[in-house]
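Notes for the one structure printed next.
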Amino acid sequence: MLKTLLSQVKEYKKASLMTPLFMVVEVICETLIPLLMASIVDKGVGVEGGNMKHIAIMGGLMLLLAAAGLAAGVGGGVYAAKASTGFARNIRKTMYENIQKFSFANIDKFSTAGLVTRLTTDITNVQNAYQMILRMCIRAPFSMIFAMGAAFFLSPRIATIYLIAVLALGCVLAIIIKFAMKYFTQLFRKYDDLNATVQENTSSIRVVKAYVREDYEENRMKKASENIYRLAVRAENMVVLNSPIMQFTIYSCILLISWIGGRMIVSDTLTTGALMSLLTYCMNILMSLMMISMVFVMISMSIASAERITEVINEEPQIVNPKEPIMQVQEGSIEFRNVSFAYQKDSKEAVLKDINLAIQPGETIGILGGTGSAKSSLVNLISRLYDSTNGEVIVGGRDVKEYDLDTLRNEVAVVLQKNVLFSGTILENLRWGKEDATLEECKHACRLACADEFILAMPQGYETYIEQGGTNVSGGQKQRLCIARALLKNPKILILDDSTSAVDTATDAKIRKSFTEEIPGTTKLIIAQRVSSVEHADRIIVMDEGKIAGVGTHDELLSGNEIYREVYESQNSGNADFDQTGGEA
Amino acid sequence: MAEQRVKEIKMGRNRAMGPKPKLENPGKIFKRLVGYAFSRYIPHIIIVMIAVVVSVLAQVRGTMFIKILLDDYIEPLSKQSNPDFTELLHQIYIMAIIFGVGIISTYVYSKIMIYVSQGTLNKLRMDLFSHMERLPIRYFDSHSHGDIMSIYTNDVDTIRQMIGQSLPSLLSSAITIVSVFCSMVILSLPLTGVTVAMVVVMMFTTKKVAGLSGQYFLAQQKNLGAINGYIEEMMEGQKVVKVFCHETKSLEQFNEKNDELFDSAQKANRYVNILGPINMQLGNVSFVLCSVVGGVLAIGGFGGFTLGSLASFLTFNKSFNMPINQISQQFNSIIMALAGADRIFKLLDEPVEVDDGYVTLVNARYENGQLVESKERTGIWAWRHLHQADGSVTYVELKGDVVFDDVDFGYNPEKIVLHNVTLFAKPGQKIAFVGSTGAGKTTITNLLNRFYDIQDGKIRYDGININKIKKDDLRRSLGIVLQDTHLFSGTVRENIRYGKLDATDEEVIAAAKLANAHGFITRLPKGYDTELSGDGGSLSQGQRQLLAIARAAIADPPVLILDEATSSIDTRTEKAVQSGMDRLMKGRTTFVIAHRLSTVRNSDCIMVLEAGKIIERGTHQELMEEQGRYYSLYTGKKV
């Protein structure tokens, strides 16, 4: 993990090294100031009649040190900002680059929400931790060591007290952190429960109110909230020990120094100035220790984020371009030879089993079957969105694995079941299919997909701005735009994966008609729930539990295939979607 | 959750710097918040305040001790040939006791503050939640769920910061400043002047740097928002990106945004990073100036300034700068908390659903042909109508007779969406609503259970104006199955039992069987005890609908509102859902927003809605003969 992340430092190596260096300079300046102060006290003030010159010289030196410290501190700050934000930028870029290479299987593995979190929150966490490491990880231990060194220089006896105090305090802090972290992890988990309850109640408030379950939900919330209260109190009870323990250590040191140091001054083995500096160092040392423990907590909290990021960076794309790819698809024929497929390689249950199928160029194929019958899985193999586990998928006479991925996907256009429009104008969205498409081409595609009419009815027509996620068009309009976008590719094979489910039956029929008339040469695969969407296809494939249960024309299947007949009858005996028959205007 | 986190980042949660949120009346909010948090804990707060003062005084006394040590003991003892240390030891014992008290005070106030802050948060969460549960549906229509969630997470968290950390630390800082300042004045007036002057310089520089950084922070927040928005959209559409081979283009756009973010983030961070060292070194300058000036003063012995005074003063100098930095930090976090508190109080101030109903639903039984109230469940329900005029009570049996009389409704008064809706349903009848999206079908059903109140007209339920019925009782008498099913985290059994909390296991199974859900439930890994999470995400759409039907079935309401799902589920599950719904509707007055031919055909009356008006009504047969809108919907032919 560390190696992966560190390889992202790249051009910010210099800044990453300069930051701790500057920090060390800052620490040195900071450590020297009390030493000079001791000299002022002992050789300037302490001598008979005083030595103004010495005071002035030392004072000047101290100001110089402060200035040097300032320069170093500012330098360190500037470099740290550059290093950490640059580091985050590189990680973000590398992650995004790798995600672009992901196959569908890789995306499924992480889920959309998972990827978003990794690209946003997790990177911010790691950026903050990295900055902390650069600035504090070197600085705090060095500050402690230098102060300790200076203390030993002034008085080994008293420095020994510090050493013991540091060790004791260090152990106690470690124990506190260990327990506190444990409780806090539990606490965060409980927070998720609480958030889930609130989330449910905001999105399902109608159900809550319809069943008059306000009091019941309140009780659930009370339980979740009180759980948090108990855990939070327990966790904070550990943290709260910090300051009294710290105070105890400081106060004990002061008293011990006063007693031992006082006697040493009296017996002339220590100067007053040295005693004063020792008091300052005592603070420096213990504060550094506190800082170290804080850094430790910060870092351990960001480890989970770092791991999640590393997973994405190190994820191997499951589908890559072949070494010598074929750059052209000859024609739109499709063949499945003994194909089986499982989403996970090691899972026993295959989603598709022994599929053998041959489709001629220009054929229109309907695919019908229940949920989970693997209709989508079947078509997703054609443009290599997933790779078959066994057997070969042949397109245009060649195995799909021999093609250049872009070439294949441009010739095999898929309109996905869960489709997305992007924020931008309708025209911009359409041009995803063909970057340099003219307005005329776009209009033509929209006419084929029966989208032209509603687009023109919009005040800004093709320049209408689509909101993120396409929230300002209806489901049926969205589907038609997605079809038009795919048509612009002018593909040899067109696959519609349940893409007209929200389009009314009349328009659905119109779209199919324009397909037959306008793009007869394109092989068309249409997945649908409605029999009416597929009944006029050249052949219909009936899928059932990952197998082909029947292939044939509507009439053939109606007489010979029980599943098909069942579906047909149920849809024609009053189960058809009534409302959508009327559909949208 | 991810959305939540993104929002957090978009908000650029950096408390130290950056533009401050604008508040209309921060003083008022602060007063209300403090009152809310502390009024229950007045004795606690008094003890905390005393403990803070004691703790700070012990610390100040500790610093003064250095002067006493040097001037009163070490100095004279050094001059004795045979020094006697018993006096010093005695002093150290006294100091040990003072320190001990200080430490205990610190522990005591920190510990009490845990209970105060966590207790307040607990109360706050509960108050927010119970209030939210009683808000009208309108509130949820007009506020995004993300924003509501953010109140519970981000805003409550800022309050925790403020009560648990900022306020105690402010108090302790303020007391420290005052007592340290007094001690410094006692030790030396000129040195105090130097220290205070340097503090002014520090505050001035902080303000300057923060001012300079403001624009970069704004830019950083804007760019962060832009890139996070882009990431969200692109990850959502990543599969489409692949299908259209759009990877290179997507990467290009991303890199552009990433570089912009880097540029502004680097500058913004730079300023935060240098502020710390600047203040620290200014502190050092202050320390140096005091050593030099103090040294000179000590040599001259002006105003009794001794070496010991210098030693103590230098320590005070350090402990004076620290709390001042702290205050400026805490001040920012308090501003954040007040912004959070503002949103919290806004939610708490939202008016709750009003309920003037006085007609209640009670169990009843017939005695000598008279309907009387009964304590036990009888299977017969009655409306208990208390007549305000003469105090008499009458009972009306709950039958499910519903009348809409010339009802007008609009989500806001200016825009009426339902016009002159008049309809009636006799007990046990099935009324179907058909019409295109946006015609007002769902709106009508939302009026019956008073999710919204009508503008004009009357709705009568068993002859009673529904405005007179207590909302809870009205809703208890109506079952509802929504189009998009909402399930709750918990087991399958708990989800079905949601319809009737005291239902036995047998009743749960019976309801599941009626809804055709029993079969798939028993095939789940743990059957009825399978845990559902995230709105039942592990179940298919059809299965979730079956559970929603079972939930309505177990409630056994006389009137049912059904919103048939339009989303395509596979034929077999659809059959199950269909027959489950049919069984549920049997014998109940049902309002159904229909999408299926069979439902429509079997209805006693069909209402065809268009643009908020009922344009046709009648049975299937009648409407077909009419050859109007219904006919064209049904046959797909234009008329």
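The values are calculated or read from the model by the stated rules, or taken from the named source; none is laboratory data. All values derive from a computational prediction rather than experimental measurement. Heads up, the Cβs are rebuilt from the backbone with ideal geometry, glycines too, and the neighbour counts pull from every protein chain shown. Please note that ligands, DNA and RNA were not included when accessible areas were found on the heavy atoms of the full protein model with its side chains. Shrake-Rupley method; radii C 1.70, N 1.55, O 1.52, S 1.80 Å.
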Step by step: first the residues of the range A:173-204, then only those that are crowded, with 17+ Cβ neighbours inside 10 Å and away from every other protein chain (no Cβ under 14 Å), then the one that is farthest from A:N219 (Cα to Cα). Which residue is that? A:L173
Based on this model, can you work out whether A:P34 counts as in contact (Cβ under 8 Å) with a residue 40 or more places away in the chain and touching a Gly at 6+ places or on another chain (Cβ under 9 Å)? no
Taking the range B:130-148 as the search range and keeping residues that are in contact (Cβ under 8 Å) with a residue 12 or more places away in the chain and open to solvent by less than 60 Å² (accessible area, probe 1.4 Å), which one is nearest to the other protein chains (Cβ to nearest Cβ)? B:I148
From the list B:N82, B:N122, which residue is open to solvent by less than 40 Å² (accessible area, probe 1.4 Å) and without any contact (Cβ under 8 Å) to a residue 12 or more places away in the chain? B:N122
Just wondering, is there one or more residues in the range B:332-339 that are touching a Lys or Arg at 6+ places or on another chain (Cβ under 8 Å), hydrophobic (A, V, I, L, M, F, W, C) and either in a strand (DSSP E or B) or farther than 30 Å from B:C605 by Cβ (or both)? yes
Across (1) open to solvent by less than 10 Å² (accessible area, probe 1.4 Å); (2) part of a loop (DSSP other than H, G, I, E, B); (3) within 24 Å of A:L368 (Cα to Cα), A:I495 clears everything bar (2)
Can you say whether A:V27 is open to solvent by 10 Å² or more (accessible area, probe 1.4 Å), closer than 19 Å to B:N279 by Cβ and at pLDDT 90 or above, as far as the supplied structure shows? no
Of all the residues that make up the range B:364-392, how many are without any contact (Cβ under 8 Å) to a residue 12 or more places away in the chain and either within 22 Å of B:R475 (Cβ to Cβ) or open to solvent by 70 Å² or more (accessible area, probe 1.4 Å) (or both)? 6
For residues that are farther than 19 Å from A:P491 by Cβ, within 11 Å of chain B (Cβ to nearest Cβ) and polar (S, T, N, Q), tally how many sit in the range A:419-470. 2
For residues that are more than 60 Å from the chain's Cα centre (by Cα) and of a type in the set (V, I, T), scanning just the range B:63-97, find the one that is farthest from the other protein chains (Cβ to nearest Cβ). B:T86
Just to be sure before I move on: is A:V233 within 30 Å of B:A555 (Cα to Cα) and either open to solvent by 30 Å² or more (accessible area, probe 1.4 Å) or facing chain B (nearest Cβ under 7 Å) (or both) in the structure I sent? no
Restricting the range B:483-495 to residues that are closer than 22 Å to B:D563 by Cβ and under 25 Å from the mean Cα position of the chain (by Cα), which is most open to solvent (accessible area, probe 1.4 Å)? B:D484
Residues A:G49, A:G60: which one is more than 8 Å from chain B (Cβ to nearest Cβ) and over 27 Å from A:I303 (Cβ atoms)? A:G60
Are any of the residues in the range A:72-85 facing chain B (nearest Cβ under 9 Å), surrounded by fewer than 21 Cβ atoms within 10 Å (Cβ to Cβ) and outside any helix (DSSP H, G or I)? no
When the residues of the range A:486-503 are filtered to those that are in contact with a Cys (Cβ under 9 Å, 6 or more places away or on another chain) and over 18 Å from A:V534 (Cβ atoms), which remaining residue is nearest to the other protein chains (Cβ to nearest Cβ)? A:L488
Is there a residue being modelled with pLDDT of 85 or more and facing chain B (nearest Cβ under 10 Å) anywhere in the range A:285-303? no
Positions within the range B:496-510 being open to solvent by 10 Å² or more (accessible area, probe 1.4 Å) and part of a helix (DSSP H, G or I), in sequence order: B:R497, B:D505, B:E506, B:E507, B:I509, B:A510
Looking only at the range B:284-298, which residues are in contact (Cβ under 8 Å) with a residue 12 or more places away in the chain and open to solvent by less than 10 Å² (accessible area, probe 1.4 Å)? B:S286, B:F287, B:C290, B:S291, B:G294, B:G295
Qualifying positions in the range B:325-376 - under 32 Å from the mean Cα position of the chain (by Cα) and among the charged types (D, E, K, R): B:D342, B:R343, B:K346, B:D349, B:E350, B:E353, B:D355, B:D356
Can you find a residue in the range B:230-250 that is open to solvent by less than 30 Å² (accessible area, probe 1.4 Å), of a type in the set (F, W, Y) and assigned to a helix (DSSP H, G or I)? yes
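Return a yes/no flag: does the range A:112-119 have any residue that is charged (D, E, K, R), within 7 Å of chain B (Cβ to nearest Cβ) and in contact with a helix residue (DSSP H, G or I) (Cβ under 7 Å, 6 or more places away or on another chain).
The answer is no; no qualifying residue exists.
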Kindly indicate whether A:V395 is away from chain B (no Cβ under 14 Å), open to solvent by less than 10 Å² (accessible area, probe 1.4 Å) and touching a Phe, Trp or Tyr at 6+ places or on another chain (Cβ under 9 Å). yes
Mind checking which residues of the range A:447-477 are in contact with a Leu (Cβ under 7 Å, 6 or more places away or on another chain) and assigned to a helix (DSSP H, G or I)? A:L448, A:Y462, A:E463, A:G470
